[in-house]
Amino acid sequence: MAGNNNAYEEIKSRIRKIKANKITAAILSVVFGVILLIWSGAAITVAFKIFGAVLAVGGIVAVISFLVSHDNTALGLTSLIGGVVIIVLGAWIFMKPE
């Protein structure tokens, strides 16, 4: 019975953490939404710069993953090409967010 109680408490703890994360995400979404309404021009430029940077980093991770794995299959080469395309796209969006 003690094992069941510990499992119950662990599940209960995880649910509390998930609930707290969802509430935090909702609050941040509202705050960012208000910021976008107030400073729409500057905020959109910053949002696109962040989006471009995230894309570029994702592409870099894909290329590094290919280089580390030495996966010369079609899937691996597709990952490499996709990573390079994502890097270029991310850099382009970062440089020209308008």
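The values are calculated or read from the model by the stated rules, or taken from the named source; none is laboratory data. This structure is a prediction, so every number in the text was calculated from the model and none was measured. When we count neighbours, we look across all protein chains shown, and the Cβ atoms used for this are built from the backbone with ideal geometry, even at glycine.
The table below gives the values:
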| quantity | calculated |
| --- | --- |
| Residue match in the range 22-35 (condition: among the small types (Gly, Ala, Ser), more than 25 Å from Ile93 (Cα to Cα) and outside the structural domain of Trp92 (by TED's automatic domain parsing)) | yes |
| Selection within the range 79-98 - exposed (fewer than 12 other Cβ atoms within 10 Å of the Cβ) and either in contact with a Cys (Cβ under 6 Å, 6 or more places away or on another chain) or not hydrophobic (A, V, I, L, M, F, W, C) (or both) | Lys96, Glu98 |
| Residues of the range 49-74 classified as touching a helix residue (DSSP H, G or I) at 6+ places or on another chain (Cβ under 9 Å), of a type outside the set (A, V, I, L, M, F, W, C) and surrounded by fewer than 13 Cβ atoms within 10 Å (Cβ to Cβ), total | 2 |
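Conditions tested, residue by residue: (1) part of a helix (DSSP H, G or I); (2) loosely packed, with under 10 Cβ neighbours inside 10 Å; (3) hydrophobic (A, V, I, L, M, F, W, C).
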| position | (1), (2), (3) |
| --- | --- |
| Asn4 | yes, yes, no |
| Ile15 | yes, no, yes |
| Lys19 | yes, no, no |
| Gly76 | yes, no, no |
